[in-house]
Amino acid sequence: MLQRMYVLAVIFMFSIIGPASGSEKYGDCIKYRVGEIKPEQLNGDRFCLKENGYEYCKEFNCPPAACELPLVTPTNKCLYCEGTCSYGGTVYQLDSGFKCLDGINSCNCGAKNMITSTFIAQNPKSMCIKKTP
């Protein structure tokens, strides 16, 4: 009897919150429902954009830090060396400019791994779907 109640409770719980993983591939991204628990990135991080009840996340591995005493910021899981930034799986030199992960904005590497960017409207399609020439 107790086992049957446990099974019914589990079924009821999944009917309310849904399955643990409803993610799916969307171009170069992973599409998650907003609020869905995402798997831990052990040696990486993700950049996500929200749209229409979903999060579209570009996931990447952290690049190796090429210094003896690498640093890490609270908002970025990847290590970096003084005079550089770690962003989107790539190392950039201080004050260098590059394309942001959203595929639209321009980013810049600042001191202490501070990434600044322009702010043009972002959308998952521009980040996740590669444009063919």
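Scan region 116-131 and tell me whether some residue there is of a type in the set (Lys, Arg), assigned to a loop (DSSP other than H, G, I, E, B), surrounded by 13 or more Cβ atoms within 10 Å (Cβ to Cβ) and within 16 Å of the chain's Cα centre (by Cα). Checking region 116-131: not a single residue is of a type in the set (Lys, Arg), assigned to a loop (DSSP other than H, G, I, E, B), surrounded by 13 or more Cβ atoms within 10 Å (Cβ to Cβ) and within 16 Å of the chain's Cα centre (by Cα).
Can you tell me which residues in region 90-118 are modelled with pLDDT of 95 or more and on the phi > 0 side of the Ramachandran plot? ASP95 - this is the single residue of region 90-118 that is modelled with pLDDT of 95 or more and on the phi > 0 side of the Ramachandran plot. Scanning region 71-88 for any residue that is in a strand (DSSP E or B), under 21 Å from ALA121 (Cα atoms) and out of contact with any Ser or Thr (no Cβ under 8 Å at 6 or more places or on another chain) turns up at least one such residue.
Checked against the criterion of being surrounded by fewer than 16 Cβ atoms within 10 Å (Cβ to Cβ), over 28 Å from GLU24 (Cα atoms) and in contact with a strand residue (DSSP E or B) (Cβ under 9 Å, 6 or more places away or on another chain), the candidates CYS81, CYS85, CYS67 yield just one match: CYS67.
The values are calculated or read from the model by the stated rules, or taken from the named source; none is laboratory data. In this text, all values refer to a predicted model and were calculated from it rather than measured experimentally. Here the Cβ is made from the backbone with ideal geometry for all residues, glycine too, and neighbour counts use every protein chain on show.
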